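Report on one structure; see the data block that follows.
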Amino acid sequence: MLSESCSHVESSKTAVSIDDTYSDLENLGTIFDVQAKADALVASMKAQIAGVQAKLAGVTRPTVFVYDSGTDSPVTAPGLAEPDALITLAGGTNIFHSLKQSWTSVSWEQVVKADPQCIVVNDYGTPTYEQKVQFLKTSPITRDLTAIRNNCFVQLDYGSLTPSPNNANAITAIAKALHPQQMG
């Protein structure tokens with residue numbers, strides 16, 4: 001079981017960290033007797049993330065909403081879900097960071113009140129990324145959000161938003177959307 005998957009039942013857990021992903025990858029390396037490959041992968045991820053962090057020193061942290069699914073009420077990734085850690089490392093602030101749950105439903109009123117500056121869209125097929133964005137752009141509830149007005153969307157697949165070797169690339173993609181000048 002991946003560390004992030006257990007975070008919602010660990011009463012002492014107050015945050016999810018990329019270090020959890022590194023530990024999971026190193027554990028998998030040990031279990032499958034490919035420790036050298038796991039160590040190299042973790043080192044590569046750390047170097048990529050350090051490069052992003054170096055470019056973002058001192059930046060203002062835009063607010064970000066993770067939109068997984070839902071039209072009546074959105075499913076999002078609060079403080080105990082992997083995207084929270086990814087957004088932080090990408091120089092942003094998850095609007096549901098203080099909600100100490102894993103993937104969960106919230107209200108559209110909460111999203112509107114937070115008025116995110118960018119939206120990470122979890123793209124896993126149905127509905128498609130394009131359908132989710134179209135819903136957000138046309139819904140009377142969300143169409144006036146700052147992120148919508150500024151057309152700030154980050155398309156990431158499920159495998160990039162859950163603990164995986166793709167997390168470093170997800171951090172880079174989010175950072176490019178939030179801080180295009182610094183990221184080049």
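State the number of residues belonging to segment 15-45 that are under 21 Å from the mean Cα position of the chain (by Cα) and surrounded by 14 or more Cβ atoms within 10 Å (Cβ to Cβ). Quick ask: steps written out before the conclusion?
Our first condition is that a residue be under 21 Å from the mean Cα position of the chain (by Cα); within segment 15-45, this holds for 15-25, 41-45.
Restricting the remaining residues to those that are surrounded by 14 or more Cβ atoms within 10 Å (Cβ to Cβ) gives 16-18, 20-25, 41-42, 45.
Adding up the residues that qualify gives 12.
Condition test on Lys176, is it at pLDDT 95 or above and not aliphatic (A, V, I, L, M)? So that I can check it myself, show each step before the final result.
Details: at pLDDT 95 or above: yes; not aliphatic (A, V, I, L, M): yes.
So Lys176 passes the test.
When the residues of segment 140-157 are filtered to those that are hydrophobic (A, V, I, L, M, F, W, C) and outside any helix (DSSP H, G or I), which remaining residue is surrounded by the most Cβ atoms within 10 Å (Cβ to Cβ)? Reasoning before the result, please.
Taking segment 140-157 first, the residues hydrophobic (A, V, I, L, M, F, W, C) are 141, 145, 147-148, 152-154, 156.
Adding the requirement that they be outside any helix (DSSP H, G or I) leaves 141, 145, 152-154, 156.
Numbers: Ile141: 15, Leu145: 22, Cys152: 19, Phe153: 18, Val154: 24, Leu156: 21.
Ranking the qualifying residues of segment 140-157, first place goes to Val154.
Could you tell me how many of the residues in segment 22-57 are among the aromatic types (Phe, Trp, Tyr) and not in a helix (DSSP H, G or I)?
1
Given the criteria part of a loop (DSSP other than H, G, I, E, B), surrounded by fewer than 21 Cβ atoms within 10 Å (Cβ to Cβ) and at positive phi, does Asp72 qualify?
On the way: part of a loop (DSSP other than H, G, I, E, B): yes; surrounded by fewer than 21 Cβ atoms within 10 Å (Cβ to Cβ): yes; at positive phi: no.
Here the answer is no, as Asp72 does not meet what is asked.
Answer with yes or no whether Lys137 is surrounded by fewer than 19 Cβ atoms within 10 Å (Cβ to Cβ) and either in contact with a Phe, Trp or Tyr (Cβ under 6 Å, 6 or more places away or on another chain) or assigned to a helix (DSSP H, G or I) (or both). Please lay out each step first, then the result.
Values: surrounded by fewer than 19 Cβ atoms within 10 Å (Cβ to Cβ): yes; either in contact with a Phe, Trp or Tyr (Cβ under 6 Å, 6 or more places away or on another chain) or assigned to a helix (DSSP H, G or I) (or both): yes.
Answer is yes for this residue.
Pick from Ser160, Ser164, Ser102: which is in contact with a Pro (Cβ under 8 Å, 6 or more places away or on another chain), surrounded by 18 or more Cβ atoms within 10 Å (Cβ to Cβ) and of a type in the set (S, T, N, Q)?
Numbers: Ser160 fails: in contact with a Pro (Cβ under 8 Å, 6 or more places away or on another chain); Ser164 fails: in contact with a Pro (Cβ under 8 Å, 6 or more places away or on another chain).
The unique qualifying residue is Ser102.
If Ala170 meets every condition in (1) of a type outside the set (Asp, Glu); (2) on the phi > 0 side of the Ramachandran plot; (3) buried (at least 19 other Cβ atoms within 10 Å of the Cβ) apart from one, which number is that one?
Single failed check for Ala170: (2).
Take segment 81-94 and flag every residue that is in contact with a Phe, Trp or Tyr (Cβ under 9 Å, 6 or more places away or on another chain) and assigned to a loop (DSSP other than H, G, I, E, B).
The answer is Ala81, and nothing else.
Of all residues in segment 58-69, which are in a loop (DSSP other than H, G, I, E, B) and either free of Cβ contacts under 8 Å to residues at least 12 places away in the same chain or touching a Gly at 6+ places or on another chain (Cβ under 8 Å) (or both)?
Let us first name the residues in segment 58-69 that are in a loop (DSSP other than H, G, I, E, B), namely 58-62, 68.
Result: Gly58, Val59, Thr60, Arg61, Pro62.
Taking segment 70-94, which residues are farther than 21 Å from Gly159 by Cα and either under 9 Å from the mean Cα position of the chain (by Cα) or in contact (Cβ under 8 Å) with a residue 60 or more places away in the chain (or both)?
The answer is Thr71, and nothing else.
Being closer than 21 Å to Asn166 by Cβ, in contact (Cβ under 8 Å) with a residue 60 or more places away in the chain and part of a loop (DSSP other than H, G, I, E, B) is the filter here; which residues of segment 95-125 pass it?
Start the filter on segment 95-125 by keeping residues that are closer than 21 Å to Asn166 by Cβ, which leaves 102-103, 118-125.
Still in the list and also in contact (Cβ under 8 Å) with a residue 60 or more places away in the chain: 102, 118.
Selection gives Ser102 alone.
The values are calculated or read from the model by the stated rules, or taken from the named source; none is laboratory data. Quick caveat, the model's predicted, so the values are computed rather than measured. So basically every Cβ, Gly included, is an ideal-geometry build from the backbone, and we count neighbours across all protein chains shown.
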